[in-house]
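**Student:** Okay, here's the structure, questions in a sec.
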Amino acid sequence: MEPIKIASRRELFWDDYLIETATAKLKQHKPQVKNAVMMHDSPWEGCGCIYHVTFRDGDIIRMYYLAADITNKDGTEISKRPPVICYAESRDGKSFTKPNIGICEFEGSKDNNIILDNTTMKFDNFAVFKDSNPGCKPDEIYKAVALDDDDKYLWCFTSLDAIHFNKAWRMTNEGTFDSLNIAFWDRHTQQYYLYLRDLHGYVGENKWDGGGIRDIRWSVSKDFVNWSTPVLLDFGNNTDIPLYTNVINPYYRADHMFIGFPSRYIDKGWTRNFESMPDVHHRKNRMNHQPRFGTAITDCILITSRDGKSWRRWNEAFLTPGLEHMHNWVYGDCYPSLGLIETENDLPYAPEELSFYTFDYHWKLSSPLRRYTIRIDGFISYNATYKPCTIVTKLFIFKGKNLSINFTTSAIGYIKIKITGESKTINSIEIFGDSLDRTVIFEDGDAASLAGKPVKMEIIMSDADIYSFKFNE
């Protein structure tokens, strides 16, 4: 087998692509709940604000979202107010402000943060990205994809300034699109990826009448105009669980890998268990509009890929609704925002962490947008118990002078690393602690002496996790 050429890119321990053998086990890690960063309490917002998209753009963190109301406070009436697209921004990712944009009129005033309303089209979703394609036209550097709920096409919107968007062209009608549909430029394959919503397994011509399963599909394009026929994400044989959103993006520290956080849609049907959960009165009122408004619940899972087509899927939840209270365990919980934002740690002296956002109090109240955090690279690790475990890689070729690892151990735990080439082996000292970027010290040589040659790496671990590694040039 040919050695894998990793050069000096960061490799994540999110799968077994580089692994020959391992007694250490892959382990999924959970995010921590933090503060509310913004309230959806403006008159044009409400209890149905959804589909938040974030990205860092210079010194600003931009946020876009669908602002909507769903029901009145007791759930007896469905709102007739059409959704609008809103904009917010932040400097630190811990609090967001809603600037007065002055574009769209609401109840006689343009003093609001609405950037698009129903005079443009009937919106269901709106996902913005900054186009990194070197050939992108300057006035199209900010693009968005959105479902027009009237003609059922996915449309492209373009902007020069990230605020004023023009409805530009139809992209495709091959999908249902009633969720957040995501697009981005992939520099490795020199094409755009589109991740969209559809259904499979339905009976008859109408997708919604035949018991179809909600799914995610991928499509590609060289020009953002002409798109390939969408294909189901490949999870092996596991396609039976309905998936709602996808929020798929290249991981910013290792953009040859993709990561996504689909919401998992589970309709339990009415069971006596719901009688034991908080606010059953509101749940039953919602069901008078549609039964699934009360019987469906949602959580969130984690998926990763190296080619954007074949995916590893964790069936254990990444994010759950949490301890029951009056306003959770509903259809609409656990819809993570698109985009991972590096933010300052709340703990003094601790390194930065990753933040993302999701909303609370769906269906009922003016909802807070809440921040969640996780360690940088920290979604999945290879984990070792107290009893020592090993990881042995396949042959690979790297470029660089030293090896850095993202890892954690207990006080008694440790990591030891051995790199073996054709005629030379180097062994590290015992490594312990908790670091995002620890340069490995070798006792009998240095990594530079093995650069450019086929090597294997053996990692011996006890009560430890390793998340990623990188050879630095």
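**Student:** For ASP178, indicate whether it is under 23 Å from the mean Cα position of the chain (by Cα) and either on the phi > 0 side of the Ramachandran plot or not aromatic (Phe, Trp, Tyr) (or both).
**Tutor:** yes
**Student:** Shifting gears a bit: How many residues are small (Gly, Ala, Ser), within 28 Å of LYS222 (Cα to Cα) and in contact (Cβ under 8 Å) with a residue 60 or more places away in the chain if we restrict to segment 91-144?
**Tutor:** Step one: of segment 91-144, the residues small (Gly, Ala, Ser) are 93, 95, 102, 108-109, 127, 132, 135, 144.
Keeping just the survivors that are within 28 Å of LYS222 (Cα to Cα) gives 127, 132, 135, 144.
When the remaining residues are screened for being in contact (Cβ under 8 Å) with a residue 60 or more places away in the chain, the result is 127, 144.
Residues that pass the stated criteria total 2.
**Student:** For ASP92, indicate whether it is of a type in the set (Asp, Glu), farther than 24 Å from ASN249 by Cβ and in a loop (DSSP other than H, G, I, E, B).
**Tutor:** no
**Student:** Only one of these is in the same structural domain as THR385 (by TED's automatic domain parsing), more than 27 Å from ALA183 (Cβ to Cβ) and either of a type in the set (Ser, Thr, Tyr) or more than 21 Å from the chain's Cα centre (by Cα) (or both): THR21, THR71. Name it. Spell out the reasoning first.
**Tutor:** On the way: THR71 fails: in the same structural domain as THR385 (by TED's automatic domain parsing).
Going through THR21, THR71 in turn, the sole match is THR21.
**Student:** Given (1) surrounded by 17 or more Cβ atoms within 10 Å (Cβ to Cβ); (2) without any contact (Cβ under 8 Å) to a residue 60 or more places away in the chain; (3) over 14 Å from HIS362 (Cβ atoms), identify the lone condition not met by ARG313.
**Tutor:** Checking ARG313 against (1) surrounded by 17 or more Cβ atoms within 10 Å (Cβ to Cβ); (2) without any contact (Cβ under 8 Å) to a residue 60 or more places away in the chain; (3) over 14 Å from HIS362 (Cβ atoms), the one that fails is (2).
**Student:** Could you tell me which numbered condition LYS222 fails, if it satisfies all but one of (1) surrounded by 16 or more Cβ atoms within 10 Å (Cβ to Cβ); (2) touching a residue at least 24 places away in the same chain (Cβ under 8 Å)?
**Tutor:** Here LYS222 clears every test but (1).
**Student:** Would you check if there is a residue in segment 202-209 being touching a residue at least 12 places away in the same chain (Cβ under 8 Å) and buried (at least 19 other Cβ atoms within 10 Å of the Cβ)?
**Tutor:** So far as segment 202-209 goes, no, none of its residues is touching a residue at least 12 places away in the same chain (Cβ under 8 Å) and buried (at least 19 other Cβ atoms within 10 Å of the Cβ).
**Student:** So, in segment 303-331, exactly how many residues are more than 20 Å from ARG286 (Cβ to Cβ) and in contact with a Lys or Arg (Cβ under 8 Å, 6 or more places away or on another chain)?
**Tutor:** Going through segment 303-331 one residue at a time, the tally reaches 6.
Yes or no, residue by residue, for (1) under 21 Å from PHE356 (Cα atoms); (2) surrounded by fewer than 16 Cβ atoms within 10 Å (Cβ to Cβ):
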site: TYR17; (1), (2): no, yes
site: ALA24; (1), (2): no, no
site: SER42; (1), (2): no, no
site: ILE60; (1), (2): yes, yes
site: MET63; (1), (2): yes, no
site: LEU66; (1), (2): yes, no
site: ASN72; (1), (2): no, yes
site: PRO83; (1), (2): no, no
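**Student:** Going by the conditions given, is LEU232 surrounded by 16 or more Cβ atoms within 10 Å (Cβ to Cβ), touching a residue at least 24 places away in the same chain (Cβ under 8 Å) and either of a type in the set (A, V, I, L, M, F, W, C) or not assigned by TED's automatic domain parsing to the domain that holds SER355 (or both)?
**Tutor:** Values: surrounded by 16 or more Cβ atoms within 10 Å (Cβ to Cβ): no; touching a residue at least 24 places away in the same chain (Cβ under 8 Å): yes; either of a type in the set (A, V, I, L, M, F, W, C) or not assigned by TED's automatic domain parsing to the domain that holds SER355 (or both): yes.
For LEU232, the condition - surrounded by 16 or more Cβ atoms within 10 Å (Cβ to Cβ), touching a residue at least 24 places away in the same chain (Cβ under 8 Å) and either of a type in the set (A, V, I, L, M, F, W, C) or not assigned by TED's automatic domain parsing to the domain that holds SER355 (or both) - is not met.
**Student:** Follow-up. Applying the selection to segment 452-467, what residues are in contact with a Phe, Trp or Tyr (Cβ under 6 Å, 6 or more places away or on another chain) and either surrounded by fewer than 21 Cβ atoms within 10 Å (Cβ to Cβ) or not assigned by TED's automatic domain parsing to the domain that holds ILE419 (or both)?
**Tutor:** SER462, ASP463
**Student:** Please state which of the following conditions LYS453 fails to meet, knowing it meets all the rest: (1) over 18 Å from TYR386 (Cα atoms); (2) in a strand (DSSP E or B); (3) out of contact with any Leu (no Cβ under 8 Å at 6 or more places or on another chain); (4) of a type in the set (Lys, Arg).
**Tutor:** The number of the failed condition is (2).
**Student:** If you go through segment 12-53 one residue at a time, how many are of a type in the set (A, V, I, L, M, F, W, C) and under 30 Å from ASN100 (Cβ atoms)? Talk me through it step by step, then tell me what you get.
**Tutor:** Taking segment 12-53 first, the residues of a type in the set (A, V, I, L, M, F, W, C) are 12-14, 18-19, 22, 24, 26, 33, 36-39, 44, 47, 49-50, 53.
If we keep only those that are under 30 Å from ASN100 (Cβ atoms) too, we end up with 36-39, 44, 47, 49-50, 53.
Counting residues in segment 12-53 that are of a type in the set (A, V, I, L, M, F, W, C) and under 30 Å from ASN100 (Cβ atoms) gives 9.
**Student:** Among the residues of segment 263-278, write down those that are part of a loop (DSSP other than H, G, I, E, B) and more than 27 Å from LEU199 (Cα to Cα). I'd like the intermediate steps shown before the answer.
**Tutor:** Step one: list which residues in segment 263-278 are part of a loop (DSSP other than H, G, I, E, B), which gives 268-271, 277-278.
The answer is MET277, PRO278.
**Student:** Among the numbered conditions (1) surrounded by fewer than 13 Cβ atoms within 10 Å (Cβ to Cβ); (2) in contact with an Asp or Glu (Cβ under 8 Å, 6 or more places away or on another chain), tell me where THR304 comes up short.
**Tutor:** Result: THR304 passes all but (1).
The values are calculated or read from the model by the stated rules, or taken from the named source; none is laboratory data. Keep in mind that what you see is a predicted model, and the values were worked out from it rather than measured. Positions of Cβ are backbone-derived with ideal geometry, glycine not excepted, and every protein chain shown enters the neighbour counts.
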